[in-house]
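Just below is one structure, and these are the notes that go with it.
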Amino acid sequence: MMDYLLRKVSTCPSKYIRIPVIAIAAAAAGGSGLLYANSKHRDSDTRISLSFRAESLHESLLLPWRTPLDLTQHSWHFDFVGNLPLFSSRISPVPSGDIKNENPGVVGESPKPSCGCLGRDTIANAAARVGPAVVNLSVPKGFYGITTGKSIGSGTIIDSNGTILTCAHVVVDFQDMRDSSKGKVDVTLQDGRTFEGTVVNADLHSDIAIVKIKSKTPLPTAKLGSSSKLRPGDWVVAMGCPLSLQNTVTAGIVSCVDRKSSDLGLGGMRREYLQTDCAINMGNSGGPLINVDGEVVGVNIMKVLAADGLSFAVPIDSIAKIMEHFKRSGRVIRPWLGLKMIDLNEMIITQLKERDPKFPNVKEGVLVPMVTPGSPADRAGFHPGDVVIKFDGKPVRSIKEIIEIMGDRVGKPLEVVLKRPNDVVVNLTVIPEEANPDM
């Protein structure tokens, strides 16, 4: 048994090859035996050497796209330096063995690891909580009554009344959205039940839509979480029906919590997305992005075709506001000022003052680099180079704060305080207009 895998803990010469810990697992998988390392001192370096005959690993480690190599006549040694935890969490260490699991083996009901770690079943349990509420959507496409194909996507049932959250581009025709907003959608649940759904609301700008189904039997639902609690590096799970393959689950991490639409080269009004490295494909659109607690934190919307690991989702906090608009007025009302704005921070302000000593003495605010001619802001007297320091009587530090203050206040005057070069303070009154939904 041990002919193929020899264990040894020692101080090894530096000539040995250093590889990541994951390679230990791969090597152990190819033979038999255990790998063990120990260090009496926490700060001391632990060196581990792993020696084995290569023929035992040939078949288990050979990748299908690699050309087979002649490994039978060589021995390999690996040198690992430093403390080597088998798993580390960004919150706290792996729990010790005396922590009891009160509900072992119950899918979807297992307690969270008491230390906040990502456990063996964490992702599986999160997916099990939401999975039954994830649906497959199919919409026939065509013209003059002739079906030319179908649009496929995913959605999530978010309440017992049959409300399904999905993407607008899955269920409506962008070229004629107003006429197709009451269209029919074929809905298939994970348990095999099928329904005819109706598109009740759709917003072109955010690409979010609401579909309703009616059922005489209880429907599974998913719980909505909060996207504002996410941080880069947090684990997330993408669920949906890519290429109509139902019950598909992929996992990854949050790469960015506020990727701006302008960063992606998307025109129109400002939008922010969650960027993840979860694998999504055609048919994932509209499916949920969930956290490790099994809560929906976003709706998967798009990916970069020319790259791997670049996927984007609409944050659930933004969707909650959109749904409030749907309930209140049946559509999303967005005020428009006609300003291009940039958030200021200490480093940007210092750089701008180095370039132009006349730049206003401010510690925070929002810079206006451009004003759209004929816009409400232009008529109110905004100039390029203005720094907004107060909006509707409240100090502002970011564009997001200005948007939140405006809400849906179209046609209502807002008082603005701004600074200009040489610290000239100006008070303006601007009256927002409703944004063109096609912007």
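The figures follow:
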quantity: Count of residues meeting criterion [farther than 18 Å from residue 433 by Cα and either among the aliphatic types (A, V, I, L, M) or not in a loop (DSSP other than H, G, I, E, B) (or both)] in the stretch 375-399; calculated: 8
quantity: Whichever residue in the stretch 327-336 is assigned to a loop (DSSP other than H, G, I, E, B) and over 20 Å from residue 273 (Cα atoms) and, among such residues, is least open to solvent (accessible area, probe 1.4 Å); calculated: 330
quantity: Verdict on residue 312 being over 18 Å from the mean Cα position of the chain (by Cα) and in contact (Cβ under 8 Å) with a residue 40 or more places away in the chain; calculated: no
quantity: Residue check for residue 296: part of a strand (DSSP E or B), open to solvent by less than 40 Å² (accessible area, probe 1.4 Å) and touching a residue at least 12 places away in the same chain (Cβ under 8 Å); calculated: yes
quantity: Qualifying positions in the stretch 319-337 - in contact with a strand residue (DSSP E or B) (Cβ under 8 Å, 6 or more places away or on another chain) and closer than 15 Å to residue 158 by Cβ; calculated: 319, 320, 322, 323, 326
quantity: Odd one out for residue 389, checked against (1) more than 23 Å from residue 357 (Cβ to Cβ); (2) of a type in the set (Val, Ile, Thr); (3) open to solvent by less than 50 Å² (accessible area, probe 1.4 Å); calculated: (1)
quantity: Failed criterion for residue 270 (all others in (1) assigned to a loop (DSSP other than H, G, I, E, B); (2) open to solvent by 60 Å² or more (accessible area, probe 1.4 Å); (3) farther than 21 Å from residue 207 by Cβ hold); calculated: (3)
quantity: Subset of the stretch 337-352 [touching a helix residue (DSSP H, G or I) at 6+ places or on another chain (Cβ under 9 Å) and open to solvent by less than 60 Å² (accessible area, probe 1.4 Å)]; calculated: 337, 338, 339, 341, 343, 344
quantity: Single match in 409, 355, 420 (criterion: open to solvent by 50 Å² or more (accessible area, probe 1.4 Å), charged (D, E, K, R) and touching a residue at least 40 places away in the same chain (Cβ under 8 Å)); calculated: 409
quantity: Of residues in the stretch 423-439 being in contact with a helix residue (DSSP H, G or I) (Cβ under 8 Å, 6 or more places away or on another chain) and among the β-branched types (Val, Ile, Thr), the one most open to solvent (accessible area, probe 1.4 Å); calculated: 431
quantity: Residue match in the stretch 250-261 (condition: touching a Ser or Thr at 6+ places or on another chain (Cβ under 8 Å), open to solvent by 30 Å² or more (accessible area, probe 1.4 Å) and assigned to a loop (DSSP other than H, G, I, E, B)); calculated: no
quantity: Of all residues in the stretch 273-291 being of a type in the set (Val, Ile, Thr) and farther than 17 Å from residue 133 by Cβ, the one that is surrounded by the most Cβ atoms within 10 Å (Cβ to Cβ); calculated: 276
quantity: Looking only at the stretch 301-326, and only at residues there that are assigned to a helix (DSSP H, G or I) and of a type in the set (A, V, I, L, M, F, W, C), the one that is surrounded by the most Cβ atoms within 10 Å (Cβ to Cβ); calculated: 316
quantity: Any hit, the stretch 231-244, residues being farther than 27 Å from residue 190 by Cα and open to solvent by 60 Å² or more (accessible area, probe 1.4 Å); calculated: yes
quantity: Pairs where the first residue, in the stretch 202-217, is in contact (Cβ under 8 Å) with a residue 40 or more places away in the chain and the second is open to solvent by 60 Å² or more (accessible area, probe 1.4 Å) and assigned to a strand (DSSP E or B), C-beta under 8 Å, 6+ apart; calculated: 213/196
quantity: Some residue of the stretch 371-383 being touching a Leu at 6+ places or on another chain (Cβ under 7 Å), in contact (Cβ under 8 Å) with a residue 60 or more places away in the chain and open to solvent by less than 80 Å² (accessible area, probe 1.4 Å); calculated: no
quantity: Residues of the stretch 170-212 that turn out to be farther than 23 Å from residue 274 by Cα, at pLDDT 90 or above, open to solvent by 10 Å² or more (accessible area, probe 1.4 Å) and part of a strand (DSSP E or B), as a count; calculated: 8
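The values are calculated or read from the model by the stated rules, or taken from the named source; none is laboratory data. All of these numbers come straight from a predicted model, not from anything done at the bench. A quick note on method: Cβ atoms are made from the backbone with ideal geometry, for glycine too, and the neighbour counts reach across all protein chains shown. When the accessible area is computed, the model is the full protein with side chains, heavy atoms only, and any ligands, DNA or RNA have been set aside. Shrake-Rupley method; radii C 1.70, N 1.55, O 1.52, S 1.80 Å.
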